[in-house]
Amino acid sequence: MTVSEKKMMLLKKESYGVDDLVTVVEVLRSEEGCPWDREQDHKSIRKDFIEETYEVIEAIDTEDPKLLREELGDVLLQVAFHAQIEREAGRFDMNDVANDICVKLIHRHPHVFGDVQADTKEKVLANWDKIKSEEKERVTVTQKLRAIPPMLPALMRAEKVGKKAGCFDFPDAASVMLKVKEELSELEEAVAMGESTHIEEEIGDLLLTLTSLCRKLKVEPELSLSRATEKFIDRFEAIENEVISEGLDITQIKMEQLDAIWDKNKQKVAKNNKKC
């Protein structure tokens with residue numbers, strides 16, 4: 001079927017499936033398609049994949065099914081686009097991608113497709129990790145640590161590293177709290193010395209230790225920081241609205257005044273929470 005025939009076929013349809021998406025991307029990448037789409041490669045659209053993924057996360061967090069449906073489509077487009085680039089290079093296509101993930105899922109679920117017993121999620125995860133390590137030929141713990149992608153958000157990567165290195169971990173949250181205080185003290189010393197490299201190193205150690213504390217307290221650091229950031233924005237907005245209501249510019253107000261408004265709003269929120 002020629003590109004023109006594929007265009008006509010697509011235009012005649014009232015609804016589409018995954019195979020149609022593959023065809024649409026193929027048409028867009030063709031000589032009769034879109035100049036922008038033709039010029040893209042894996043690296044040029046790399047950031048788009050990241051952005052689309054985070055937009056899916058936003059839809060999940062806001063519990064918006066309509067937005068989730070749309071954003072999942074955008075992520076699926078990214079998968080189809082990368083697969084089409086590889087198809088043009090003669091290495092693999094979308095069907096190969098689907099085949100490989102099916103093979104992986106069947107192999108890593110022997111309790112469903114085989115005779116292995118795993119009646120709890122803990123056993124399932126243990127089996128998954130064991131099979132994955134065998135597939136990747138990762139024997140040592142260090143090999144498993146290095147396999148965690150460096151491109152992950154730093155907090156997420158630190159959390160995964162700490163979990164994988166469970167054989168070398170703090171016994172409890174109280175022990176981590178002591179380590180946090182120790183790291184904070186070392187950071188204070190570095191600041192007093194004024195060495196930027198040393199300061200950066202000690203801040204890194206402190207952040208890493210905090211992820212260990214999160215793990216012991218069963219708190220997800222990435223989510224916790226995200227919520228704290230949102231809370232800060234909400235409180236900042238309350239401060240700015242109050243400043244604006246007085247006909248002032250927040251960038252021209254002294255810090256002492258802003259602190260006073262911040263504390264007042266913080267107490268107001270705490271009081272309202274108690275009433276609830």
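Here are the numbers:
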quantity: Residue range of the chain that is longest and free of chymotrypsin sites (Phe, Trp or Tyr not before Pro) which are both DSSP loop and sparsely packed (at most 11 other C-beta within 10 Å); calculated: 17-167
quantity: Helix axis angle, 173-193 relative to the chain longest principal axis, alpha carbon, degrees; calculated: 70
quantity: Rounded, prolate or oblate (a/c below 1.5 giving rounded, otherwise prolate when a/b exceeds b/c) for region 1-122 by Cα gyration tensor; calculated: prolate
quantity: Dipole in debye (nearest 20) - region 122-276, about Cα centre, beta carbon charges: Lys, Arg +1; Asp, Glu -1; calculated: 1120
quantity: Accessible area in square angstrom per residue, the chain, 1.4 angstrom probe; calculated: 73
quantity: Taking the chain and dividing mean pair separation by its residue count, relative contact order in percent (alpha carbons under 8 Å, at least six apart); calculated: 9
quantity: Helix 65-88 axis, angle to the chain major axis (alpha carbon atoms, nearest 10°); calculated: 50
quantity: Global form of the chain, assessed from the alpha-carbon gyration tensor, a/c cut-off 1.5; calculated: oblate
quantity: Fraction of accessible area attributable to carbon and sulfur, the chain (%, probe 1.4 Å); calculated: 57
quantity: Within the chain, longest stretch free of exposed GluC sites (Glu not before Pro) [DSSP loop, at most 15 other beta carbons within 10 Å]; calculated: 64-136
quantity: Size of charge dipole - the chain - debye, nearest 20, with Cβ of Lys, Arg +1 and Asp, Glu -1, no other charges; calculated: 1100
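The values are calculated or read from the model by the stated rules, or taken from the named source; none is laboratory data. For clarity, every value in this text was computed on a predicted model and none was experimentally measured. With ideal geometry, Cβ positions are generated from the backbone for all residues, glycine too; neighbour counts draw on all protein chains shown. We work out accessible area using only protein heavy atoms, side chains counted, and drop any ligands, DNA or RNA first. Shrake-Rupley method; radii C 1.70, N 1.55, O 1.52, S 1.80 Å.
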